[in-house]
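Data first, discussion second: the structure below is written as structure tokens.
The values are calculated or read from the model by the stated rules, or taken from the named source; none is laboratory data. In this text the structure is predicted, and so the values were computed from the model without any measurement. Quick reminder, even Gly has a Cβ in these numbers, built from the backbone with ideal geometry, and neighbours come from all protein chains shown. Ligands, DNA and RNA are stripped out before the accessible areas are found, and what is left, the full protein with its side chains, is counted by its heavy atoms. Shrake-Rupley method; radii C 1.70, N 1.55, O 1.52, S 1.80 Å.
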Amino acid sequence: MGGFVSLLMVVLLCGCDSAHTGRQHAQASRPLMAPKVTGVGSQKTIAPGRSPRHAPAAASDQAEERLARAHAHYAAGVIREMNEETDAALEEYCLAATFDPANEPLILEVTRRLLQRRQPEKALELLARAAELPEASGAIYARLGLVYGQLGKTDQALLANRTAIKRSPQALAGYQNLFVTLLQSKREEEALKVLDEAAKQTNTGPDFLAGVAELYSNYILQIPSQKAKVLDRVLAVLEQVEKFKSPDAMLRLRMAETYNVLGVGGKAAPIYLELLKRLPDVPALRDQLHAKLAAIYLRGSDRTNAIEQVQVIVRDDPANPQAHYWLGYLYYGVKRTEEASDQFNQAILLQPDFAEAYYHLALAQLSGGKPNDALQTLEKVRTKFPQTFLLEFYAGLAAGELKDYKAALRYLTAAELMAKATEPKLLDKEFYFQLGACYERTGDYSHAEEYFQKCLDLSPEWPDACNYLGYMWAERGVNLEKARELVEKAVKAEPTNAAYLDSLAWVCYKLDQPQEGLKPMLQAIELSPKPDSTLYDHLGDIYMALKQVRQACEAWEKALAVERNEVIQKKLDAAQPK
């Protein structure tokens with residue numbers, strides 16, 4: 001071991017160690033390698049190494065002694081780190097940096113590690129000493145500004161970061177730190193000016209500009225009201241990045257991400273597609289890109305392309321329950337309920353405790369006209385998971401579809417009690433509508449009226465609720481003027497809705513105004529997607545009230561042709577001549 005240590009010391013002192021480029025991505029588990037700095041005409045190693053400064057002759061001995069001590073601590077740190085004594089290694093590196101404050105790569109790496117360990121005070125000591133040197137670079141001041149910011153010393157942070165920009169105007173760190181500090185201090189206009197200053201810099205590369213664009217997009221995320229003002233500036237910076245025609249995949253991905261964050265899917269999607277062609281052998285990244293493309297297409301209501309992207313994910317990773325679930329969700333959105341059910345079932349098969357997949361499967365089954373299947377799915381939920389509002393609500397919908405309105409009321413009432421106790425906001429207009437409809441179907445008109453009124457309290461202009469309550473009153477011959485007012489609201493909202501027009505005609509009939517009801521009734525029949533027995537029955541009643549017996553009989557005959565009904569048959573028989 002002694003021979004190895006001696007050899008290691010020789011290598012370190014001679015500057016033959018591995019190079020460290022100064023990038024701040026070194027893993028803390030590795031030994032901190034000796035950085036290199038650029039000298040005149042060639043690279044010179046500072047490990048901590050010889051100082052590039054020309055000290056006066058009288059101070060040369062003292063300077064050499066400090067560098068020797070820096071070497072010794074640095075070497076001790078390497079050995080400590082190789083023995084996995086990371087805390088002790090960092091202490092040695094700190095001492096090395098203390099004795100050689102001009103070694104900027106070493107200062108930056110050590111302070112990075114200190115910040116990772118949440119030791120900003122120690123980092124501040126090293127950086128403050130390094131910043132006192134006349135040749136301190138913008139990188140030192142930018143790191144100093146970062147530390148001041150973490151310590152809540154805003155004024156010092158602002159000063160340090162402005163100095164960083166002055167000394168290194170083509171480096172992003174100073175702008176970034178100054179921007180963050182100003183934004184945190186609620187000085188949004190000043191923060192935006194910092195980005196504008198960075199965007200105007202010349203002789204910068206695509207990485208710098210991409211970073212500026214990312215900061216602009218962050219500004220928009222933090223202050224959404226400024227998007228219209230700032231968006232053109234971000235896009236202009238991204239156009240500059242495009243002009244470099246860089247093939248760097250990571251840079252291209254950063255650009256796409258920025259476009260995506262800004263909601264400019266038309267710019268982001270082609271880059272994602274390009275990267276999919278260029279990166280065929282990185283499955284995890286490919287899945288992410290397909291997912292982002294799907295989200296872009298979905299945001300643009302392009303469900304066809306969204307489905308295609310998720311289909312690729314499912315094909316490449318068929319054991320991924322989330323992918324099946326998402327594909328099912330997209331199928332459900334375009335009313336492909338059978339395919340949606342298949343995907344939700346697959347997600348459940350792969351992940352039996354995937355509660356959301358059960359709920360969406362039940363919804364797909366309901367939409368596909370399979371309420372019995374939906375109830376079976378919900379019974380599985382009832383046995384596997386805690387009782388929830390959605391479980392009872394969906395069960396109520398399924399029972400309603402099966403015309404088991406008493407069971408539907410039990411489920412919906414249970415859902416209402418749960419929501420009142422835990423999450424009242426779940427009791428929205430749609431819930432009250434369903435509950436009101438169930439009460440109406442069971443003949444409990446008092447409770448039906450109560451819940452439809454709750455619906456209208458939440459959404460006074462909602463046409464479905466206006467129409468249902470108005471028609472219910474008309475059928476019973478009560479509150480007819482109010483019923484007409486409600487139904488007219490519904491018709492005004494959707495003037496080509498056959499059901500609403502029928503309700504208006506029927507209210508007029510009940511008000512003994514059949515002539516006024518005739519026109520909307522004829523419109524309802526014309527606009528109905530298929531022949532409807534109830535519409536023809538109502539038309540017959542209106543014609544009979546107008547004493548147009550032949551037309552009434554013709555209407556009732558059409559109603560009976562659609563669906564046999566004893567009540568309509570009796571009206572027809574009574575109207576026909578004996």
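Observations, loosely collected:
- As a rough guide to protection, the peptides 352-363, 474-485, 532-543 ranked by mean Cβ packing within 10 Å, highest first, stand as 532-543, 352-363, 474-485.
- Taking the Cα atoms of the stretch 273-355, the ratio Rg/Rh between the radius of gyration and the Kirkwood radius comes to 0.98.
- Eligible lysines near Lys406 by straight Cα distance, threshold 22 Å, same-chain separation 8 or greater: Lys370, Lys380, Lys420, Lys429, Lys454
- Residues Arg441, Arg410, ordered by accessible area of protein heavy atoms at a 1.4 angstrom probe radius and largest first, appear as Arg410, Arg441.
- In the stretch 508-577, the ratio of gyration radius to Kirkwood radius, Rg to Rh, stands at 0.95 when only Cα atoms are counted.
- Gained length - Lys153 relative to Val261, 0.36 nm times residue gap less alpha-carbon distance: 35.8 nm
- Label corresponding to Rg and Dmax of the Cα atoms in Å when calculated from the structure given, among (1) 29.2, 105; (2) 37.3, 136; (3) 40.9, 136: (2)
- Calculated on the Cα set of the stretch 160-269, radius of gyration then Dmax: 13.4, 40 Å.
- Positive-end ranking of Leu67, Leu133, Ala89 along the dipole of the stretch 66-199, with charges on Cβ about the Cα centre, is headed by Leu133.
- Relative protection proxy for 131-140, 81-90, from highest mean packing down: 131-140, 81-90 (other beta-carbon atoms within 10 angstrom).
- Sorted largest first by accessible area at a 1.4 angstrom probe radius, with every protein chain in place, the residues Leu397, Leu159 fall in the order Leu159, Leu397.
- In the chain, helices alone account for a calculated mean residue ellipticity at 222 nm of -23500 deg cm²/dmol, with every DSSP H run of four or more residues adding -39,500 (n - 2.57).
- Ordering Ser225, Ser341 by accessible surface, largest first, gives Ser225, Ser341; the 1.4 Å probe counts only protein heavy atoms, with every chain in place.
- Three-way shape call for the stretch 404-446 based on the alpha-carbon gyration tensor, with the a/c threshold at 1.5: prolate
- Highest mean packing first, where packing is the average number of other Cβ atoms within 10 Å per residue, the peptides 398-407, 100-109 line up as 100-109, 398-407.
- Linear extension gain, Glu488 paired with Ile223, 0.36 nm per residue minus alpha-carbon span: 91.1 nm
- Under 24 Å of direct C-alpha separation, and excluding same-chain neighbours fewer than eight residues apart, Lys153 reaches these lysines: Lys122, Lys166, Lys186, Lys193.
- C-alpha center-to-center spacing [the stretch 540-566, the stretch 297-330] in angstrom: 51
- Rounded percent of accessible protein surface that carbon and sulfur make up, the stretch 529-578, 1.4 Å probe: 52
- Cβ-based charge dipole, the chain, positive-most Cα from Gly145, Asn305, Ile525: Gly145
- Given R0 = 41 Å, the distance between the Cβ atoms of Asp232 and Arg278 translates into a calculated FRET efficiency of 0.90.
- Estimated FRET transfer efficiency when R0 is 35 angstrom, pair Asp428-Glu563 (beta carbons, to 0.05): 0.50
- A simple spin-label model places the labels of Arg315 and Arg382 4.2 nm from each other, with each point 7 Å out along Cα-to-Cβ.
- Gyration tensor verdict on the stretch 54-205 (Cα atoms; rounded if a/c is under 1.5, prolate if a/b is larger than b/c, oblate otherwise): prolate
- Heavy atoms of Glu440 accessible to a 1.4 Å probe, total area in Å² rounded to 10: 40
- Alpha-carbon centroids, the stretch 426-502 and the stretch 162-235: separation in whole Å: 54
- Between Glu135 and Lys243, the contour length at 0.36 nm per residue exceeds the Cα-Cα span by 35.4 nm.
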